[in-house]
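Have a look at the structure below before the remarks.
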């Protein structure tokens, strides 16, 4: 597991450095915060904070809004030009404008829901497996439930790392639309 964590860390650092984005130095601490919150949810009798929209929605919205506001303030003309692809026919511009605006406005919602839904789903499956294990603790079926539970717990730990990486990767991709970058 430590090798995969260092690989994810290195990849995230390289992406941020390669894009030379000054404002995205917040991504590395964010990456570790999300990993920590996700992994804390794997502890017994806890529920991951990143499974709650009350945590993921403000986080996603504030980071997305800072990118949008910064882009609008740095270069308003280029920001607005982003909504109309060059070379599009004039009659298609109103539809393209609406589609691009909806796409941009839905980004923080999908970012928040993706993290919360994936973490919640994994933890619910783990809880159901633990419930089945506790119900059959004295039976001969215990090894048939315990072994998949152990492997699924390891799988869920990997998913926690991957979800943190995806959250930060999507923010990096959204930052590529920034007007001044």
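Read the figures in this text as sums done on the coordinates, not as results from a lab. Please read these numbers as outputs of a predicted model, since none were measured by experiment. Cβ sites come from the backbone with ideal geometry, for glycine too, and all protein chains shown count toward neighbours.
List of remarks:
- Global geometry of segment 28-142, whether rounded, prolate or oblate, following the gyration tensor of its Cα atoms and the 1.5 cut on a/c: prolate
- Each of 45, 174 was scored by other Cβ atoms within 10 Å of its Cβ. Listed from fewest to most, they are 45, 174.
- The distance separating the Cα centre of segment 47-124 from that of segment 135-159 comes to 38 Å.
- Projected label points at residue 110 and residue 82, each 7 Å from Cα along the beta carbon direction, are separated by 1.5 nanometres.
- Pairwise label distance in nanometres, residue 136 with residue 151, each label 7 Å out on the Cα-Cβ vector: 1.5 nm
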